[in-house]
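Trainee: Quick one: the structure is below, and I'll ask about it shortly.
Laboratory data are not the source of any read-out in this text; all were calculated from the coordinates shown. Here the structure is a predicted model, which means the values were calculated and not measured. Ideal geometry is used to build each Cβ from the backbone, glycine not excepted, and the neighbour counts take in all protein chains shown.
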Amino acid sequence: MNTKKTSVFQNALIWFGAGVSIAEILTGTYFAPLGMARGLAAILVGHIIGCVMLFLAGYIGAKSGRTAMETVKMSFGQKGSMLFSALNVLQLVGWTAIMIYDGALAANGVLATGAWLWCVVIGVLIVVWILIGITDLGLINKIVMTALFLLSVVLCAVIFGGGSAVGGDLGEAMSFGAAVELAVAMPLSWLPLISDYTCEAEKPFAATLASTLTYGVISCWMYVIGMGAAIFTGEGDIAAIMVKAGLGVAALLILVLSTVTTTFLDAYSAGISAESLWSRLNGKKTAVVVTVIGTVGAILFPMDDITGFLYLIGSVFAPMIAIQIVNFFVLKQDHFADAVNGRNLLVWLVGFAAYRYLMGIDLPLGNTLPDMLITGVLCWAVNRLCKAAA
């Protein structure tokens, strides 16, 4: 990891870039059948749940000065954490491919030169971002984020400018609980990597709070843009909306730059997580390799529906972070020096199974929050009982 410390503003910029995402806009289109009022409520409730967890996860890294997968060792031990490091690398490779695929498909809808070519262009730009590094992006990052903000405002004005819904078939409505779960899923997907950035913060609490609030607000905004696109224009294809509005070059800038700034975090963190699996690996070089793999995957495989992928991430990492939160903030234990913490691994397995079971039940607030409460309480009870019996 870079030894330079990142400011509160730098952390906010990083998570602004994470929030401005084609994947988030596309996910937002799924909320359209609920209508604007219920859809917005589901988005807000889901993001509040997800972002509270995101803050707690990031603050563990900020307080301890450890990367995301290093903080996992504090609950599961050196070898016990390897399961989560491996799963995290796999999900980040998956995210890298999905983001490049979505960005390239959308960019090709604006300028049809071949989706594969846009995959390559986006992949190359991500590699450039990785090689420059988080703390050295400086002015480039500020310019890019300002451009993304302005262009997103323009996109918002185009979508909502008509003022009335177009009507028609918006698809089958999901339940409110399922919608909440889909809103929770996106911030939840960032849980296993936020500490890769907050661990270098000059001001741990302020940087974590700024990161979480910035991401939460921007992510909600992206969801609403997607939902609004489906309701007010009758079109779920963001590229098509941009073309109809005559945005042209501005559309390409939004699509390409938003994909690069978001996917950069996935690829970079995949490299950092790989280091925790094998210390001889170089995080930056591994991130470049991950980007190449993701680019090739985006060219070769269709990746249009990611809901199953999001739920799989939730089932793995929701119980993991529940255990970390209880272990760090409540039990105040540190198992970093242990080889394996079998108790917490067993509790995680129960939490994983509970999440998959709860997916079949339509709960008003989704299944992530109940699963984390079950896992957290079980973690506390098991560790207290074992301590009393010792």
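Trainee: Give me the percent relative contact order of the chain, please, defined on Cα pairs under 8 angstrom at least 6 residues apart.
Mentor: 35
Trainee: Let me ask another. Please report how far the C-alpha centroid of the stretch 341-390 lies from that of the stretch 1-75, rounded to the nearest whole angstrom.
Mentor: 22
Trainee: How large is the convex hull of the C-alpha atoms of the stretch 286-390 per residue, in Å³? Could you put the intermediate results ahead of the total?
Mentor: On the way: hull volume 15.5 nm³, N = 105.
It comes to 147 Å³ per residue, whole-number rounded.
Trainee: Moving on. With viscosity set to 0.692 mPa s and temperature to 37 °C, compute the Stokes-Einstein D of the chain, Rh being the Kirkwood radius across alpha carbon pairs; µm²/s, no decimals.
Mentor: 156
Trainee: Need one number: convex hull volume per residue for the stretch 179-222, Cα atoms only, in Å³.
Mentor: Value for the stretch 179-222: 68 Å³ per residue.
Trainee: Which of the peptides 315-328, 117-130 is most tightly packed, and how do the rest follow, judged by the mean count of other Cβ atoms within 10 Å per residue?
Mentor: For the peptides 315-328, 117-130, the packing ranking is 315-328, 117-130.
Trainee: Please compare each pair in LYS5/LYS387; LYS285/LYS332; LYS142/LYS203; LYS284/LYS332 to a cut-off of 28 Å on the Cα-Cα distance and tell me which ones are over it.
Mentor: LYS5/LYS387; LYS285/LYS332; LYS284/LYS332
Trainee: May I ask for the Rg/Rh ratio of the stretch 346-390, computed from Cα atoms with Rh as the Kirkwood radius, given to two decimals?
Mentor: 1.10
Trainee: So what is the orientation-averaged projected area of the stretch 24-111, using the convex hull of its C-alpha atoms, in nm²?
Mentor: Seen from a random direction, the Cα hull of the stretch 24-111 projects 8.0 nm² on average.
Trainee: In the Gaussian network model of the chain, springs joining C-alpha atoms below 10 Å, which of ILE238, ILE143, ILE313 carries the largest mean-square fluctuation?
Mentor: Checking each option, the largest mean-square fluctuation is seen for ILE143.
Trainee: Taking only DSSP H segments of four or more residues, each worth -39500 (n - 2.57), what value at 222 nm results for the chain once the sum is divided by all its residues, to the nearest 500 deg cm²/dmol?
Mentor: Numbers: 16 runs with 286 residues, N = 390.
Helix contribution divided over all residues of the chain: -25000 deg cm²/dmol.
Trainee: Based on Cα coordinates alone, diagonalise the gyration tensor for the stretch 178-336, multiply each eigenvalue by 5, take square roots, and list the semi-axes in whole Å, largest first.
Mentor: Semi-axes, largest first: 31, 21, 16 Å.
Trainee: Would you please put 5-15, 340-350 in order of how densely packed they are, using the mean number of other Cβ atoms within 10 angstrom per residue and starting with the highest?
Mentor: 5-15, 340-350
Trainee: Order these peptides, 214-224, 106-116, by their mean beta-carbon neighbour count within 10 angstrom, highest first.
Mentor: Result, highest mean first: 214-224, 106-116.
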